[in-house]
1. Just to be sure I understand, how many residues within segment 89-123 are open to solvent by less than 10 Å² (accessible area, probe 1.4 Å) and touching a Gly at 6+ places or on another chain (Cβ under 9 Å)?
2. Examine segment 136-147 for a residue that is more than 22 Å from Phe232 (Cβ to Cβ), open to solvent by less than 30 Å² (accessible area, probe 1.4 Å) and outside any strand (DSSP E or B), and state whether such a residue exists.
3. Any residue at all in segment 142-163 that's among the hydroxyl-bearing types (Ser, Thr, Tyr) and out of contact with any strand residue (DSSP E or B) (no Cβ under 7 Å at 6 or more places or on another chain)?
4. Which is of a type in the set (Asp, Glu), surrounded by fewer than 18 Cβ atoms within 10 Å (Cβ to Cβ) and touching a residue at least 40 places away in the same chain (Cβ under 8 Å), of Glu153, Glu174, Glu180?
5. Which condition number does Glu132 fail, the rest of (1) touching a Lys or Arg at 6+ places or on another chain (Cβ under 9 Å); (2) within 19 Å of Ala195 (Cα to Cα); (3) among the acidic types (Asp, Glu); (4) open to solvent by 60 Å² or more (accessible area, probe 1.4 Å) being met?
6. Conditions: (1) in a loop (DSSP other than H, G, I, E, B); (2) closer than 24 Å to Asp224 by Cα. Thr98 meets all but one. Number of the miss?
7. Got at least one residue in segment 39-61 being more than 20 Å from Ile192 (Cα to Cα) and either free of Cβ contacts under 8 Å to residues at least 60 places away in the same chain or part of a helix (DSSP H, G or I) (or both)?
8. For segment 69-87, enumerate the residues that are assigned to a loop (DSSP other than H, G, I, E, B) and either within 20 Å of the chain's Cα centre (by Cα) or not small (Gly, Ala, Ser) (or both).
Amino acid sequence: MGRAYEYRKATKMKRWGNMARVFTKLGKQITIAVKDGGPDPDTNPRLRVLVQQSKKENMPKENVERAVKKASSKDETDYKEMIYEGYGPYGIAIVVETATDNTTRTVANVRSYFNKMNGSLGTSGSLEFLFEHKCVFKITAKEGISLEDLELELIDFGVDEIEQEEDDILIYGEFKSYSEIQKYLEENGFDIHSAEFERIPHELKEVTKEQRVLLDKLLDKFEDDEDVQNVFHNMKAAE
């Protein structure tokens, strides 16, 4: 198994285990995608994948339509995507991705979570060197096409890791290669379940059982905040 796959498997976010949170997260992403590329999935590749993903997550059609309509309204406040970086207790690096209509509220909340758990909010870009920014596609396996053949085919498109996950395939590629990979998959008839961006740490830090309790409390604080879309860290998973 590759490093990226093992990390993902060990740190699957609790946010995706809660249906209400899934719908909130996808709704914001759809709104942002529409603002960036328009309301027509046929001409907006990012929106096209998100609509497909919302179906896989059993998100009601009216929720999707509401998010598209919301983004199309001139009176609607835009969501701003903000990234916050800092250190939790015991030197664990944490990157928090948010989508918010009130950056003052969001940064105040993020800073308070760090401070209450003996951590500290850092400056923008201060932790970039600790993580690799990847795009991750989840697709349905196609009969007659092996992982090895698919990997050889996609290597020229910026893909560096492919893994089997039950009946699906996970494809990891360079952040900048997202559009090229999506185009290849769609043109070759692959069913895309989801397409996300993840930050994979170069190295993981060991912590004790007692230290993990406090760190998990901090991560839960972030996960419970409605403005937070994703949380990434470099804490090694429990054995």
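1. Counting residues in segment 89-123 that are open to solvent by less than 10 Å² (accessible area, probe 1.4 Å) and touching a Gly at 6+ places or on another chain (Cβ under 9 Å) gives 8.
2. Narrowing segment 136-147 to residues more than 22 Å from Phe232 (Cβ to Cβ): 139-147.
Applying the additional criterion that residues be open to solvent by less than 30 Å² (accessible area, probe 1.4 Å) yields 139.
From the residues that got through so far, the ones that are outside any strand (DSSP E or B) too are none.
No, that holds for no residue.
3. Yes, some residue in segment 142-163 is among the hydroxyl-bearing types (Ser, Thr, Tyr) and out of contact with any strand residue (DSSP E or B) (no Cβ under 7 Å at 6 or more places or on another chain).
4. Glu174
5. Status for Glu132: all satisfied but (4).
6. Among (1) in a loop (DSSP other than H, G, I, E, B); (2) closer than 24 Å to Asp224 by Cα, Thr98 violates only (1).
7. No; the residues of segment 39-61 include none that is more than 20 Å from Ile192 (Cα to Cα) and either free of Cβ contacts under 8 Å to residues at least 60 places away in the same chain or part of a helix (DSSP H, G or I) (or both).
8. Answer for segment 69-87, where residues must be assigned to a loop (DSSP other than H, G, I, E, B) and either within 20 Å of the chain's Cα centre (by Cα) or not small (Gly, Ala, Ser) (or both): Lys74, Asp75, Glu76, Thr77, Asp78, Tyr79.
The values are calculated or read from the model by the stated rules, or taken from the named source; none is laboratory data. Since we're looking at a predicted model, the values are computed, not measured. For neighbour counting, all protein chains shown are included, and Cβ atoms are generated from backbone atoms with ideal geometry for every residue, glycine included. Quick note on the areas: whole protein, heavy atoms, side chains included, nothing else; ligands and nucleic acids left out. Shrake-Rupley method; radii C 1.70, N 1.55, O 1.52, S 1.80 Å.
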